[in-house]
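Enquirer: Next up is a structure, given as structure tokens.
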Amino acid sequence: MPGWFDGEVADLERRTRSLQGGRNLILFYGSSSFTLWHGLAGHFPEHNVVNHGFGGSTLADCIDYFDRLVVAYSPSVLIVYAGDNDLGDGATPEQVVERLRIIIQRKREALGAAPMAFVSIKVSPARFALMHGIAYTNRLIERELAEGNDVRFVDITRRMVGRGLGPLLNYYTEDPLHMNEDGYRVLGGSLAEYIGTVERDAGDLRIRRAQAR
């Protein structure tokens, strides 16, 4: 029986096959917060990026397609966002952490010490009822990743909720599950900082210079 996302994943493979093994490739992998980030490349104009977000995927789905959408591309940096759909489907925080552990292990087996970031699970208006579970899951993951050298926790959630729940609404579209341009600006800024730390440790990943405006 075909998987729920088989068609979408096959389409991603067709559209991005030419990028496999590309120089200094930074691969974004995960759920709809990446899928709907249509301006992703514009946030990183100097870098070689590919967006492999698919549907409303869970971390469990990301495990299933990891070889096809990550390993086959041999990225220099892997950035993962997923987990809120797992919680929305009834997974416990501990199950989310265990799924992330599997992805990290697969990354290490296939890509060695290549840097990886896990983006904290965001709090969206549609999932206010899960707010405490999201906070607990993020805390578990942050603690889990504190000891590793190759995997970093990138916390966008504190930035988005730091001024309270009212201002948080400004980061979301009329669909209260997905971010608008302001939300993606926070995400893009946080990930640019992460990429900067990777470059300080491992060297320049840029493949082009930004054009003067």
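Enquirer: Only residues that are more than 30 Å from Ala202 (Cβ to Cβ) and either hydroxyl-bearing (Ser, Thr, Tyr) or crowded, with 16+ Cβ neighbours inside 10 Å (or both): list them for the stretch 130-143, please.
Expert: Initially, the stretch 130-143 is screened for residues more than 30 Å from Ala202 (Cβ to Cβ), giving 130-136.
Passing the criteria: Leu130, Gly133, Ile134, Ala135, Tyr136.
Enquirer: Within the stretch 71-81, restricting attention to residues that are over 12 Å from the mean Cα position of the chain (by Cα) and under 16 Å from Pro115 (Cα atoms), which residue is surrounded by the most Cβ atoms within 10 Å (Cβ to Cβ)?
Expert: So the residue we want is Pro75.
Enquirer: Let me ask something else about it. Pairs, please: C-beta under 7 Å, at least 6 apart or cross-chain, first residue over 18 Å from Gly53 (Cα atoms) and free of Cβ contacts under 8 Å to residues at least 60 places away in the same chain and in the stretch 85-110, second of a type in the set (Phe, Trp, Tyr) and surrounded by fewer than 18 Cβ atoms within 10 Å (Cβ to Cβ)?
Expert: If the second residue must be of a type in the set (Phe, Trp, Tyr) and surrounded by fewer than 18 Cβ atoms within 10 Å (Cβ to Cβ), the pairs left are Pro93/Tyr136.
Enquirer: Right, something else. Can you report the number of residues in the stretch 52-63 which are touching a Ser or Thr at 6+ places or on another chain (Cβ under 9 Å) and in a helix (DSSP H, G or I)?
Expert: Of the residues in the stretch 52-63, 3 are touching a Ser or Thr at 6+ places or on another chain (Cβ under 9 Å) and in a helix (DSSP H, G or I).
Enquirer: Here's a follow-up. Considering the stretch 13-56 alone, what residues qualify as being buried (at least 17 other Cβ atoms within 10 Å of the Cβ), more than 15 Å from the chain's Cα centre (by Cα) and within 24 Å of Asn180 (Cβ to Cβ)?
Expert: Listed by number, the list holds a single entry, His47.
Enquirer: If you take the residues of the stretch 111-129 that are in contact (Cβ under 8 Å) with a residue 40 or more places away in the chain and either among the acidic types (Asp, Glu) or within 19 Å of Val198 (Cα to Cα) (or both), which of them is surrounded by the fewest Cβ atoms within 10 Å (Cβ to Cβ)?
Expert: Checked the stretch 111-129; the qualifying residue surrounded by the fewest Cβ atoms within 10 Å (Cβ to Cβ) is Leu111.
Enquirer: Filter the stretch 78-98 down to the residues that are in a helix (DSSP H, G or I), touching a Gly at 6+ places or on another chain (Cβ under 8 Å) and under 15 Å from Tyr29 (Cα atoms) and list them by number.
Expert: Result: Asn85, single match.
Laboratory data are not the source of any read-out in this text; all were calculated from the coordinates shown. Worth saying up front: this structure is predicted, and the values here are computed from it rather than measured. When we count neighbours, we look across all protein chains shown, and the Cβ atoms used for this are built from the backbone with ideal geometry, even at glycine.
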